[in-house]
1. Any idea of the accessible area per residue across the chain, 1.4 Å probe, to the nearest Å²?
2. Report which label in (1) 1.04; (2) 1.29; (3) 0.97 holds the value of Rg/Rh (Cα atoms, Kirkwood Rh) derived from the coordinates of this structure.
3. Run the accessible area of the stretch 3-47 with a 1.4 Å probe and give the carbon-and-sulfur part as a rounded percent.
4. Just to confirm a number: summing +1 for Lys and Arg and -1 for Asp and Glu over residues other than residue 41 whose beta-carbon lies under 11 angstrom from that of residue 41, what do you get?
5. Once Lys and Arg get +1 and Asp and Glu get -1 on their Cβ, which of 45, 31, 4 lies farthest toward the positive end of the dipole of the stretch 3-47?
6. Given a 1.4 Å probe and the protein chains all in place, what does the accessible area of residue 37 round to, in Å² to the nearest 10?
7. Summing -39500 (n - 2.57) over the DSSP H runs of n ≥ 4 in the chain and dividing by its residue number, what mean residue ellipticity at 222 nm do you reach, to the nearest 500 deg cm²/dmol?
8. Between residue 27 and residue 15, what is the spin-label point distance in nm, taking each point 7 Å from the Cα along the Cα→C-beta axis?
Amino acid sequence: MDNQQAEKRLDDLRTQITRHAHQYYVLDDPLISDGEYDHLFRELLDLE
């Protein structure tokens, strides 16, 4: 993965995580499981 692809993936992950956190914490209506959320978050941390 080159830098441009990594930046695009980082942006995508941040958007997804923000949306899922809002669904979970604010709306109390999660769209994905805790495990799936954790997987996205770990991928974000690895890329950062």
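The values are calculated or read from the model by the stated rules, or taken from the named source; none is laboratory data. Keep in mind that this is a model prediction, so the values were computed, not measured. Backbone-built Cβ (ideal geometry, glycine too); neighbour counts: all protein chains shown. In case anyone asks, the SASA skips ligands and DNA or RNA and just uses the protein heavy atoms, side chains included. Shrake-Rupley method; radii C 1.70, N 1.55, O 1.52, S 1.80 Å.
1. Spelled out: the 1.4 Å probe surface of the chain, per residue, equals 80 Å².
2. Label of the calculated value: (1).
3. 50 percent
4. Taking every other residue near residue 41 into account, the sum is -4.
5. Value: 4.
6. 60 Å²
7. Working: 2 runs with 33 residues, N = 48.
The helix contribution divided over the chain gives -23000 deg cm²/dmol.
8. That separation, rounded to one decimal, is 1.6 nm.
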